[in-house]
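A short worksheet on the structure shown next.
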Amino acid sequence: MAPVSPVMVRPGPWQRLRRELFASRVDGLISIGLIGGLVAVGLGLAKWVLVQAQWTVISANSTLFAVGRYPLEQQWRLWLLTTLLALATGLSWGLLRALPRSGASARAWPRNDRWAVAILVVLALWRPMALQLALPIQLRWWAITGLLLLARWAAGRWGAAIPASARRWMPLIWPLLYLLGMVLISGGLGLVRVAPSDWGGLLLTLLMATFSILLCFPLGVLLALGRRSNLPLLRWGSVLYIEFVRGAPLITLLFLGQNILGFLLPGGLAPDRVWRAAWVLTFFAAAYVAEAVRSGLAAIPAGQLEAARSLGLPMPQALIHVVLPQALRVALPATVGQFISLLQDTTLLSLIGLLDLLGTARTVMANPAYLGRNAEVYLVLAVLFWCCCAALGLGSRALETRLNPTAPSNVTPSR
Amino acid sequence: MTRSDAVMIEARGVEKWYPNGFHALRGVDLTVEQGEVVVIMGPSGSGKSTFLRTFNALEDFQKGSISVDGITLSDDLRHIDAIRREVGMVFQQFNLFPHLTVLQNLTLAPVLVRKLPKAEVQRRALDLLERVGIAEQAHKYPGQLSGGQQQRVAIARSLCMEPRILLFDEPTSALDPEMVQEVLEVMQALARDGMTMVVVTHEVRFARQVAHRVVLMDAGVVVESAPPEQFFTDPQHERSRQFLSQIS
């Protein structure tokens with residue numbers, strides 16, 4: 001007879017609901033009160049969104065929110081960039097699924113992926129309607145979404161057939177795409193220059209955020225290593241820098257950057273106002289990333305470095321191959337937390353007169369035609385920022401699982 | 001036994017103070033010949049691990065001299081790296097790299113430091129894993145192995161660099177009792193093959209059966225150095241008798 005394991009009966013949804021929400025009289029009262037409150041708020045919000053709110057402020061200014069004052073006749077460059085980004089995303093996504101780490105079984109379409117596709121399709125169908133986009137733009141969005149999904153499907157289908165030697169270079173498409181993107185956005189190499197002061201809206205926000213995130217990370221790692229170095233000059237330099245930056249509010253540093261750089265550097269040498277802000281953001285975030293990475297380094301037992309060194313690895317190689325891979329994985333959640341606050345900190349750019357998403361929103365709201373439409377604008381802004389931050393958070397969690405050698409999905413079944 | 005008279009480790013008057021002023025080594029002498037197995041015993045805090053770790057410069061020392069395989073230990077980093085390539089070390093806590101598979105743990109250093117072709121190193125690594133009896137675990141991660149298996153991987157990882165000397169720092173102290181034997185057997189086989197080994201351990205049976213010489217350290221000095229028969233049956237010093245009565 002098979003052994004009977006205890007608690008095999010799973011309660012039905014009703015029973016569970018009853019047990020969790022209405023276990024006692026007080027529980028029931030609290031539950032009813034809370035549910036009532038939530039329903040009231042939800043209904044109120046739905047009523048406002050569907051009936052009272054006037055969304056013309058968004059649909060009429062959708063281009064402004066997206067790219068600011070980027071010249072209309074040059075916007076094809078941004079469309080091209082978006083298309084390339086969609087292709088690269090689909091490709092990477094499919095490859096990740098087709099080539100899981102070290103022999104774990106590949107599943108072509110896990111449930112999360114099916115959800116993601118559903119959300120993408122719903123967005124593609126709903127967005128043109130909600131924003132009342134013109135037909136050509138609507139078609140473009142459909143094409144881009146279609147391309148993304150096609151790339152995802154193709155890479156998932158045939159990714160495993162790519163020879164290993166070529167596969168190693170695949171991640172390089174991202175830095176290349178980033179450089180290409182910078183050229184497409186700012187011009188050069190035969191393209192008309194578009195000055196940074198003409199970038200705006202979501203474009204500027206994302207550009208600032210990605211630039212700072214990509215640069216502050218290596219900088220932060222170096223600072224963290226410097227802070228733990230045995231060389232006094234390096235150590236004190238790092239400590240001084242980190243503590244100075246962490247001791248000043250970002251907005252102060254942003255103003256400082258705008259004014260002082262202009263005084264210090266002669267005319268042409270000072271970077272443009274937008275780039276000055278980007279560098280300040282980068283140096284600011286690097287100090288915080290350094291502290292996150294330092295906590296990761298502290299979590300790695302000293303024996304790891306000793307083992308690596310006793311095998312004859314010189315210090316840089318011991319750090320790169322043994323200590324940092326482990327330390328960065330420990331530091332990953334805290335680091336991504338820094339990235340998320342960095343993304344949100346880009347709204348401070350509006351205070352020094354740059355037209356990022358918030359800055360653009362403020363100019364729109366200052367237009368007498370849209371007087372009193374603040375709630376609509378701020379709600380859309382909040383949703384946009386939430387989407388970006390949620391994407392970062394999801395990405396970090398996926399990366400964490402992938403980098404964890406003993407996570408169930410990565411473990412090779414024993415032979 | 002294949003023992004020649006070539007000197008592999010020569011330590012003279014080694015003294016070490018920790019930064020807090022503690023005088024850990026108070027003039028230690030030791031000579032280890034090629035193919036010799038030396039077991040260092042002693043109570044905790046006697047400086048035996050510290051002394052062992054000076055041989056591959058994991059610990060520095062302030063006075064005296066150490067030369068390993070003809071290379072004098074100094075602050076010169078090139079000398080230290082050169083010595084570390086020839087001296088393998090096995091730790092009490094294994095110190096395997098948890099983010100790499102067993103096979104990658106073995107191949108990392110030979111590929112990076114000795115610049116050997118990857119395929120060749122992998123072949124050798126698999127041979128070594130076969131030798132320590134865990135070839136079938138090559139693609140697992142250290143966290144999926146038992147303590148005894150991990151320590152055998154650690155030994156194989158050291159061997160993969162083809163060292164001329166192996167240092168063992170209490171290799172069985174962190175193991176469950178039933179796993180001690182499998183590790184000791186691997187070490188015994190190494191000794192039979194003529195590997196020069198310095199072993200800090202509390203395993204009396206291993207010292208009796210495998211060691212050519214047993215060294216007792218106490219309070220930062222060598223108290224007694226003798227062949228195992230003599231050391232365990234007829235110790236010359238009062239401190240040795242006291243130590244032996246405590247561990248048996």
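The values are calculated or read from the model by the stated rules, or taken from the named source; none is laboratory data. The structure displayed is predicted, hence computed values, not measured ones. In this analysis, Cβ positions are derived from the backbone assuming ideal geometry, glycine residues included, and neighbour counts consider all displayed protein chains. Side chains are part of the model used for accessible areas, which takes the heavy atoms of the whole protein and leaves out ligands, DNA and RNA. Shrake-Rupley method; radii C 1.70, N 1.55, O 1.52, S 1.80 Å.
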Residue list for segment B:98-125, restricted to those being more than 15 Å from B:Pro163 (Cβ to Cβ), in a loop (DSSP other than H, G, I, E, B) and either modelled with pLDDT under 90 or not polar (S, T, N, Q) (or both): B:Pro98, B:His99, B:Leu100, B:Lys115, B:Pro117
Qualifying residue in segment B:205-216 (condition: of a type in the set (Val, Ile, Thr) and without any contact (Cβ under 8 Å) to a residue 40 or more places away in the chain): no
Given (1) open to solvent by less than 50 Å² (accessible area, probe 1.4 Å); (2) part of a helix (DSSP H, G or I); (3) in contact with a helix residue (DSSP H, G or I) (Cβ under 7 Å, 6 or more places away or on another chain), number of the condition B:Met197 does not satisfy: (2)
Condition met for B:Leu100 (at the interface with another protein chain (Cβ under 9 Å from one of its Cβ atoms) and of a type outside the set (Ser, Thr, Tyr)): yes
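Looking at segment A:316-329 only, could you name the residues that are of a type in the set (A, V, I, L, M), over 30 Å from A:Leu202 (Cα atoms) and more than 9 Å from chain B (Cβ to nearest Cβ)? I'd like the intermediate steps shown before the answer.
Here is the first cut: in segment A:316-329, the ones of a type in the set (A, V, I, L, M) are A:318-320, A:322-324, A:327-328.
Applying the additional criterion that residues be over 30 Å from A:Leu202 (Cα atoms) yields A:318-320, A:322-324, A:327.
The answer is A:Ala318, A:Leu319, A:Ile320, A:Val323, A:Leu324, A:Ala327.
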Hits in segment A:9-40 - residues which are open to solvent by 100 Å² or more (accessible area, probe 1.4 Å) and in a helix (DSSP H, G or I): A:Pro13, A:Trp14, A:Gln15, A:Arg16, A:Arg18, A:Arg19, A:Glu20, A:Arg25, A:Leu29, A:Ile32, A:Leu34, A:Leu38
Strands (runs of 3 or more DSSP E) contained entirely in segment B:24-97, each with at least 1 residues that are at the interface with chain A (Cβ under 10 Å from one of its Cβ atoms), within 22 Å of B:Gln188 (Cβ to Cβ) and touching a residue at least 24 places away in the same chain (Cβ under 8 Å): B:87-90
Selection count where residues are open to solvent by less than 20 Å² (accessible area, probe 1.4 Å) and of a type in the set (Gly, Ala, Ser), scope segment B:164-193: 1
Top-ranked residue in segment B:126-148 [being in a helix (DSSP H, G or I), among the aliphatic types (A, V, I, L, M) and open to solvent by less than 40 Å² (accessible area, probe 1.4 Å); ranked as nearest to the other protein chains (Cβ to nearest Cβ)]: B:Ala135
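Yes or no, residue by residue, for (1) modelled with pLDDT under 85; (2) assigned by TED's automatic domain parsing to the domain that holds A:Ala166:
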| site | (1), (2) |
| --- | --- |
| A:Thr63 | yes, no |
| A:Leu81 | no, yes |
| A:Trp93 | yes, yes |
| A:Ser102 | yes, yes |
Exclusive hit being assigned to a helix (DSSP H, G or I), under 20 Å from A:Leu202 (Cβ atoms) and open to solvent by 50 Å² or more (accessible area, probe 1.4 Å), set A:Leu80, A:Leu125, A:Leu139, A:Leu176: A:Leu80
Qualifying residue in segment B:150-162 (condition: crowded, with 22+ Cβ neighbours inside 10 Å and more than 13 Å from chain A (Cβ to nearest Cβ)): yes
Options A:Ala88, A:Ala98, A:Ala116; residue that is surrounded by 15 or more Cβ atoms within 10 Å (Cβ to Cβ), closer than 25 Å to A:Ile173 by Cβ and at pLDDT 85 or above: A:Ala88
Helices (runs of 4 or more DSSP H) contained in segment A:191-295 and holding at least 3 residues modelled with pLDDT under 85: A:250-264
Of all residues in segment A:330-357 being more than 17 Å from the chain's Cα centre (by Cα) and open to solvent by 40 Å² or more (accessible area, probe 1.4 Å), the one that is nearest to the other protein chains (Cβ to nearest Cβ): A:Val330
Within segment B:103-124, considering residues that are more than 8 Å from every other protein chain (Cβ to nearest Cβ) and aliphatic (A, V, I, L, M), the one nearest to the chain's Cα centre (by Cα): B:Leu106
Unmet requirement for A:Leu125, which otherwise passes all of (1) modelled with pLDDT of 90 or more; (2) under 30 Å from A:Leu50 (Cβ atoms): (1)
Filter pass, A:Ala298 being modelled with pLDDT under 85 and surrounded by fewer than 17 Cβ atoms within 10 Å (Cβ to Cβ): no
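For the condition assigned to a helix (DSSP H, G or I), more than 23 Å from the chain's Cα centre (by Cα) and surrounded by 19 or more Cβ atoms within 10 Å (Cβ to Cβ), what is the one hit in A:Val322, A:Val377?
A:Val322
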Hey, A:Ala151 of a type in the set (Gly, Ala, Ser), more than 30 Å from A:Thr347 (Cβ to Cβ) and open to solvent by 40 Å² or more (accessible area, probe 1.4 Å) or not: no
